[in-house]
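K.L.:
My questions will all concern the structure given below.
Just so it is clear, none of the values below were taken in a lab; they were calculated from the coordinates. Quantities reported herein were computed from a predicted structural model and do not represent experimental measurements. Glycine also receives a Cβ, built like all others from the backbone with ideal geometry; neighbour counts cover every protein chain displayed.
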Amino acid sequence: MKKVSSSLKAMFTSWKITLILLVHYVILLAAATFVEKAQGTAMAREIIYNNPLFYLLQFLLILNFCATAWQARLWSQRKYGVLLLHISFIVILLGALVTNMFGFEGIVHIREGETVSQMRTMEDQRSLPFSIRLDDFKLVRYPGSHSPSSFESFLTIHTEEGERSEHIYMNKVIYEQGYRLYQSSYDADEQGTILTVNNDTAGTGITYAGYLLLLAGMLLTLADKKSRFRQLAKQLKRVTPLLLLAFLPTLSFAQKAETEHLLKNTIPAEQAEQWGRMQIQCPTGRIEPVDTYTDKLLRKIYRSDTFEGLSSEQVIIGFLMNPSYWGNIPFIRQTNKELPQAYSLPEGKYIRFFDVFSEDGSYLISDAVDKAYSRPAAERSR
C-alpha cells in the first residue's frame, strides 16, 4: 500500500506528468477548435467538451498543479508569483470543469411578432424563466454591396417584474437572470432572428477569477529580481543590440525603398494625419475620427495598424486615389486555405484586391461572403 501511495505521489508531483497532461490538453483543445469550425459548437461539445475523458484530464491537471505547488513549497520559499500562477491555473481549470459539467448553451429562433419562452439545446428543449418577443429585425448592408455589415433585433423581454425593450446586435450581449443572449444569425427572408443563449454564471465567474490571479502572478513574477524572467531579460539586453547592428542596415534599406515607392501613390504623412482627424459616421452609426475607422479597416484587411511604414490613413486614401495601383499590391491577409482552391485564387499569405474579381468585374467570392455572414458570428473565423 505504501508503494502504491509513494508511486501516486511521485507521479502527481512530477513535472514530466505536468508536461504530458498539458500536451494532451492542448491537443484536445486544438481538435475541439477544428471540430467547432467545421461542424459547429454543438458537435465540439458532444465529441470533446462533454466527453468524460476530457473531464478526467481536467481533474488530473488540477490535482497535478496542487501537488507540484505543495511539493515545491512555494509559500515557504516566498515565491508568491509562481504560487499565484499555480493557483490561477487551478482556478481556470476548475472554472472550465464547472462550465463543461453544469453550463449549457442553446438557441432561440423567433419570427417577427412571435413570443417564445424556450431554448433548444443539443439534447432537448429547456424552458426559460422569461419570454422574448421579436418586435423587429433589421439587416444592414455595406453601402453599394450586398454583404451584411450588421444585423440587429429589437426585442421585448417579459419577466415576472414586467417587460422591457432591448436592442441586441453583434457584439452586444443581453444579461437576464443568469442567462446571456447574443445575436448569432437570422432567417434568409430577414423576418426572423436566431439568438444564442448561454447559462454559465458559476463557471464564468470562477474562470474570470482565475484570469485575475494569473495576471497578478505574472506581475509578481516579473517584479521578482530572482525570477527566471528577469535573468532572461538581462541576457536579452546584452544580445539585442548586437542583433540590431547586424540586421538593421539591410532591413532599413529594403523597407525605405518599398516605402518610397508606395509614397508616390498616396499623400504625405502630415496631410494624412490632418485627414485622420476628421469626424465621420461609421456604418454602425457611431461618430468617430477617420483614423479610428481606417485603423479598424487595415487591421481587418492586413492584421496590422501600418503597412510598409505607412499609416492606415495613407493606405486607405492611397487606395481611393489610385485604385489601379493599390489593387495590385498584395496586402489582403488570406487565412482561408479552401478559398484559393475553390475560386482559383493565388496561394500565399497575402493576395491582391484584383485577385477576387474576374476579368468582367464579377466578385468571385460573393457566394462565400453571403454564406459566411448568414452563419453565427462565432463560426465566422475565416
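K.L.:
For E114, enumerate residues with amide H under 5 Å from its amide H, sequence gap 5+ or separate chain, H modeled in the peptide plane.
P.N.:
Under 5 Å from the amide H of E114 lie the amide H atoms of L134, each far enough along the sequence or on another chain.
K.L.:
Taking the beta-carbon count within 10 Å as an exposure proxy, list K337, K37, K79 from fewest neighbours to most.
P.N.:
Working: K337 9, K37 15, K79 20.
Fewest to most other Cβ atoms nearby, the residues stand as K337, K37, K79.
K.L.:
Quick one, what does Rg over Rh come out to for the range 278-371 if you take C-alpha atoms and the Kirkwood Rh?
P.N.:
Details: Rg = 14.5 Å, Rh = 14.6 Å.
When Rh is taken as the Kirkwood radius, the ratio is 0.99.
K.L.:
Using the 10 angstrom Cβ neighbour count as an exposure proxy, how do D355, D124 rank, fewest first? Mind dumping the intermediate values first?
P.N.:
Working: D355 20, D124 9.
Lowest to highest Cβ neighbour count: D124, D355.
K.L.:
What FRET efficiency do you get for R333 and M170 if R0 is 30 Å and r is their Cβ-Cβ distance, rounded to the nearest 0.05? Before the final figure, lay out each step's value.
P.N.:
Working: r = 21 Å, r/R0 = 0.70.
For R333 and M170, the calculated efficiency is 0.90.
K.L.:
Something else: Structure shown: which of K337/K371; K138/K172; K264/K300 lie over 21 Å apart, alpha-carbon to alpha-carbon?
P.N.:
Pairs exceeding the cut-off: K264/K300.
K.L.:
So what is the relative contact order for the range 105-199, in percent, with contacts set as C-alpha pairs under 8 Å and at least six apart? Numbers along the way, then the final one.
P.N.:
On the way: 220 pairs, mean separation 26.0, N = 95.
Across the range 105-199, relative contact order equals 27 percent.
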